[in-house]
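Participant: The following block contains the structure, expressed as structure tokens.
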Amino acid sequence: MYKHLFVPVDGSELSHRAMDGSIELARQLGARITGFVVEPDLPITAAASMTQGLAERMKDNESRNEAHAAALLGQFEARAAAAGVAFAAHHVTAYLVDQAIMEEAEKAGCDMIVMVTHGRSAIGEFIFGSHTRKIIASSKLPVFVLH
């Protein structure tokens with residue numbers, strides 16, 4: 001059935017729930033996991049108008065983002081290994097987070113996206129947005145939502 005799960009994480013407490021839930025699901029299905037971190041990027045117009053000082057701060061921020069992604073995906077990989085689940089890690093920087101998740105899941109050859117949701121009310125989603133909701137509405141792949 002489902003043999004390759006794509007699991008985006010961001011380091012929040014919900015990410016740990018996504019890690020544990022997806023590992024258990026993968027274990028039960030005999031599936032493997034691609035853990036994914038997408039770091040938000042500036043729009044091209046903002047990047048083009050940066051001053052030299054801001055550009056240097058952005059480069060420092062990129063280094064921190066790389067370290068954050070590596071640490072987070074390392075934790076995920078260790079948890080998967082402890083459960084005997086095959087794991088691959090992937091990281092990108094993108095302006096459109098939702099689009100990056102869907103595109104990278106397809107590129108990786110995954111057959112399901114596993115996400116976790118805050119379970120916000122309609123007003124909370126309006127104010128804060130919902131990556132999960134947007135991906136459910138747009139993804140060509142099935143989306144398994146953990147709450």
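Coordinate-derived values only; no laboratory data. All values reported here derive from a predicted model rather than from experimental measurement.
Participant: Tell me, in nm to one decimal, what length is gained between GLU106 and LEU141 on full extension, where the rule is 0.36 nm per residue of separation less the Cα-Cα distance? Write out the running numbers ahead of the final one.
Facilitator: Values: separation 35, 0.36 × 35 = 12.60 nm, distance 0.79 nm.
Additional length available on full extension: 11.8 nm.
Participant: Scan around ILE33 for amide H atoms under 5 Å from its own, H built in the peptide plane at 1.01 Å from N, and keep only partners 5 or more places away or cross-chain.
Facilitator: Sorted by chain and number, the residues that satisfy this are LEU5, ALA86, PHE87, ALA88.
Participant: Taking H placed 1.01 Å from N in the peptide plane, check which residues at least 5 places from ALA94 or on another chain put their amide H under 5 Å from its amide H.
Facilitator: Amide H neighbours of ALA94: GLU39, ASP41.
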